[in-house]
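Enquirer: First the structure, then my questions, so here it is.
The values are calculated or read from the model by the stated rules, or taken from the named source; none is laboratory data. On a predicted model such as this, the values are computed, not experimentally measured, just so you know. Methodologically, a virtual Cβ is constructed for each residue, glycine included, from the backbone with ideal geometry; neighbour enumeration extends over all protein chains shown. Keep in mind that these areas ignore ligands, DNA and RNA; they rest on the heavy atoms of the full protein, side chains included. Shrake-Rupley method; radii C 1.70, N 1.55, O 1.52, S 1.80 Å.
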Amino acid sequence: MNAVERRNRSRTVDVLVVDDEEDIRELLELSLLRMGLGCDTAGSLEEARALLDARRYRLCLTDMRLPDGDGLSLVEYIQARHAGLPVAVISAFGSIEAAIRALKLGAFDFVTKPVELKALRELVHHALSLRPEPAAAPAGDARMLVGDSPAFAQLRGQAEKLARNQAPVFIYGESGTGKEVVARFIHRLGPRAAGPFVPVNCGAISPELMESEFFGYRKGSFTGAATDKEGLFQAARGGTLFLDEIGELPLAMQVKLLRAIQERAVRPVGAHAEEPVDVRILSASHQDLGRLVAEGRFRQDLFFRINVIALRVPPLRERREDIPALAAHILARLAEREGRASRQLSVAALQVLLEHPFQGNVRELENLLERACALCEGERIEAADIELHPGASVSGWLTESAFGFNPASTWVAPARFERAAGAEGQDGEYPQEQVRVVRVLEQARWNYDAAARSLGISVAQLRYRLRQWGME
């Protein structure tokens with residue numbers, strides 16, 4: 001290699017644009033120059049490979065169709081020879097299948113022509129925010145995913161890689177495994193970390209309000225719409241929208257969600273035109289979406305769109321070796337909340353936890369330890385402080401063991417809630433679920449945050465249930 005070749009190889013140019021149409025190359029180059037970015041262009045796969053091997057880039061933009069191959073071949077080449085370089089595929093022939101193929105091969109993003117300048121700026125901004133090379137999570141972020149078992153180490157490694165692109169990720173696993181924690185981990189490690197993380201439980205929104213909650217509305221679009229209101233998509237602009245329990249969405253809303261994801265735009269209720277939104281979609285469910293598709297309860301096209309890459313969060317019983325670290329982490333967090341020193345588990349207490357089936361997974365472990373802390377008289381939690389019902393269902397453990405009462409027993413509700421019983425109960429008697437929720441609220445002295453934690457649900461879910469029952 002001569003001196004000129006060495007100089008060219010060491011030269012860093014911001015972006016490589018690959019397209020067989022000269023006018024497209026010139027348009028993209030001009031747009032990038034206006035953003036203050038240096039740019040090289042190539043008209044073929046062969047030329048692009050030569051430039052990639054000779055120089056260093058921070059981003060590659062490639063067309064799907066090239067005279068001597070396609071953009072997917074270039075994505076594969078970059079993954080094999082220049083790992084860490086984000087590459088976005090731009091195509092006039094956009095389709096779900098093409099987007100999925102590109103993202104699965106490792107593309108940072110997939111966009112369709114014509115690309116608006118604003119969308120191009122957002123894409124470039126997110127791509128250039130990535131670290132030059134894939135890196136492990138910083139210590140603060142790593143603590144979000146506690147555990148070193150093989151199953152969990154693999155999950156953490158996958159999440160770290162997925163943080164580097166814009167691909168939709170579907171996170172699945174049993175209730176209480178920590179799917180939202182995984183989603184937050186991906187968000188915080190990626191180029192959107194400075195933007196908002198907006199979680200929404202799809203099962204906690206009334207079907208009648210879903211469209212306005214997701215997409216917002218315009219003043220006067222319906223009775224009570226006194227002002228314009230942003231939806232969840234707009235609230236997540238520049239960040240991540242996490243759709244938890246996406247399998248709960250009704251079919252009509254699934255159609256509208258699919259369009260929003262594909263077009264990267266939403267139309268608020270009462271608006272005449274769509275508006276672009278820059279969000280990354282992460283979704284989760286404890287249900288088998290494949291089965292829901294087969295039953296006609298979930299759209300196949302939406303399933304393919306959100307399930308570009310799937311992450312399985314293993315249940316706690318498959319990573320029992322993580323229980324000591326998880327327990328220590330939870331106890332430390334409880335101690336911080338209470339402003340006191342962290343309690344320790346005795347050997348016998350830890351053994352009880354290691355032998356428990358944990359049908360409710362990490363959420364059940366949290367509830368067990370919170371109750372043990374309340375029962376514990378000293379600084380050490382003993383086996384007797386951990387009250388278990390071996391073989392009992394999670395629901396049974398939650399209603400009786402965790403909350404110390406039997407919902408079927410007689411209980412007089414507060415007078416302020418007497419009107420709420422009518423629809424489902426008889427003669428002022430509450431249905432079991434309402435009894436349980438109100439009793440927990442009483443025990444938490446009407447602190448919604450504390451009650452929601454005890455119930456293993458979000459505050460939004462708790463408020464929604466109370467509104468449904470006429471209790472708020």
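Enquirer: Please turn the phi angles of the range 23-29 into ³J(HN,Hα) values with the Karplus equation 6.51 cos²θ - 1.76 cosθ + 1.60 (θ = phi - 60°), one per residue in order, whole Hz, x for glycine and proline.
Expert: Ordered by residue, 3J(HN,Hα) equals 5, 5, 4, 5, 5, 5, 4 Hz.
Enquirer: Where in the range 72-110 does the label zone of Glu263 land, with the point 7 angstrom along Cα→C-beta and an amide N cut-off under 17 Å?
Expert: Taking a point 7 Å out along Cα→Cβ of Glu263, the residues of the range 72-110 whose backbone N falls under 17 Å are 94-96.
Enquirer: So if we plug the beta-carbon distance of Ala83 and Leu375 into 1/(1 + (r/R0)^6) with R0 = 45 Å, what FRET efficiency do we get, rounded to 0.05? Walk me through the numbers on the way to the answer.
Expert: Values: r = 52 Å, r/R0 = 1.15.
It comes to 0.30.
Enquirer: Check Glu275: other-chain or 5+ apart residues with amide H under 5 Å from its amide H, H built from backbone geometry?
Expert: Val266, Arg267
Enquirer: Tyr172 accessible area, nearest 10 Å², 1.4 Å probe?
Expert: Number for this one is 90 Å².
Enquirer: Testing the spin-label approximation: label points 7 Å from Cα along Cα→Cβ at Ala226 and Glu336. State their distance in nm.
Expert: Simple spin-label model gives 3.9 nm for this pair.
Enquirer: Here's something else I'd like to know. Stretched out fully, how many nm does the piece from Gln443 to Arg121 gain, at 0.36 nm a residue minus the Cα gap? Provide the component values of the computation, followed by the final result.
Expert: Details: separation 322, 0.36 × 322 = 115.92 nm, distance 5.13 nm.
That works out to 110.8 nm of additional length.
Enquirer: Right, here's the next one. When the Cα centres of the range 220-249 and the range 112-132 are compared, how far apart do they sit, in Å?
Expert: Each part reduced to its Cα centre gives a spacing of 24 Å.
Enquirer: Based on C-alpha coordinates, I'd like the Rg and Dmax of the range 195-240, in Å.
Expert: Spelled out, the Cα radius of gyration and Dmax of the range 195-240 are 11.4, 33 Å.
Enquirer: Quick check on the range 180-330: what are the equivalent-ellipsoid semi-axes from the Cα gyration tensor, as sqrt(5λ), descending, whole Å?
Expert: Values: eigenvalues 181, 73, 41 Å².
Semi-axis lengths for the range 180-330 are 30, 19, 14 Å.
Enquirer: Any idea what the dipole of the range 204-332 comes to, in debye rounded to 20, about its Cα centre with Lys/Arg Cβ at +1 and Asp/Glu Cβ at -1? Present the calculation step by step, with values, prior to reporting the outcome.
Expert: On the way: 17 positive and 18 negative charges, 33 e Å.
Charge dipole of the range 204-332: 160 debye, to the nearest 20.
Enquirer: I'd like the distance separating the alpha-carbon centroids of the range 300-378 and the range 32-104, in whole Å.
Expert: The range 300-378 and the range 32-104 have Cα centres separated by 43 Å.
Enquirer: Among Leu257, Ala294, Ala327, which residue has its Cα furthest toward the positive end of the charge dipole of the range 255-331, with +1 on Lys/Arg Cβ and -1 on Asp/Glu Cβ?
Expert: Ala294
Enquirer: With charges set only on the Cβ (+1 for Lys and Arg, -1 for Asp and Glu), what does the dipole of the range 267-378 come to about its Cα centre, in debye to the nearest 20?
Expert: My answer is approximately 120 debye.
Enquirer: Additional query: Can you give the extra length, in nm with one decimal, that the chain gains between Lys113 and Glu321 once fully stretched, where that is 0.36 nm per residue apart less the Cα-Cα distance?
Expert: Working: separation 208, 0.36 × 208 = 74.88 nm, distance 4.96 nm.
69.9 nm is the gain from fully extending Lys113 to Glu321.
Enquirer: If the chain between Ala92 and Ala348 were fully stretched, how many nm would it gain, using 0.36 nm times the residue separation less the Cα-Cα distance? Each step should come with its number before you reach the end.
Expert: Values: separation 256, 0.36 × 256 = 92.16 nm, distance 6.40 nm.
Length gained between Ala92 and Ala348: 85.8 nm.
Enquirer: Just check the range 106-263 against the gyration tensor rule for me: Cα atoms, a ≥ b ≥ c as the square roots of the eigenvalues, rounded for a/c under 1.5, and otherwise prolate or oblate depending on whether a/b exceeds b/c. The partial results should precede the final answer.
Expert: Numbers: a/c = 2.16, a/b = 1.40, b/c = 1.55.
Oblate shape, in that a/c is at least 1.5 and b/c is the bigger or equal ratio.
Enquirer: Leaving out ligands, DNA and RNA but keeping every protein chain, what accessible area does Arg380 have, in Å² rounded to the nearest 10, with a 1.4 Å probe?
Expert: Roll a 1.4 Å probe over it and Arg380 shows about 130 Å².
Enquirer: Probe of 1.4 angstrom, ligands and nucleic acids ignored: what's the accessible area per residue over the range 236-295, in square angstrom?
Expert: On the way: 2400 Å² over 60 residues.
Here the residues of the range 236-295 average 40 Å² of exposed surface.
Enquirer: I've got another one for you. Can you give me the three principal axis dimensions of the range 316-385 from its C-alpha atoms, in Å, biggest first?
Expert: That works out to 33, 22, 16 Å along the principal axes.
Enquirer: I've got another one for you. Place the peptides 339-348, 225-234 in order of packing, highest mean first, counting for every residue the other Cβ atoms within 10 Å and averaging per peptide.
Expert: Working: 339-348: 13.5, 225-234: 16.1.
Ranking, from highest mean packing down: 225-234, 339-348.
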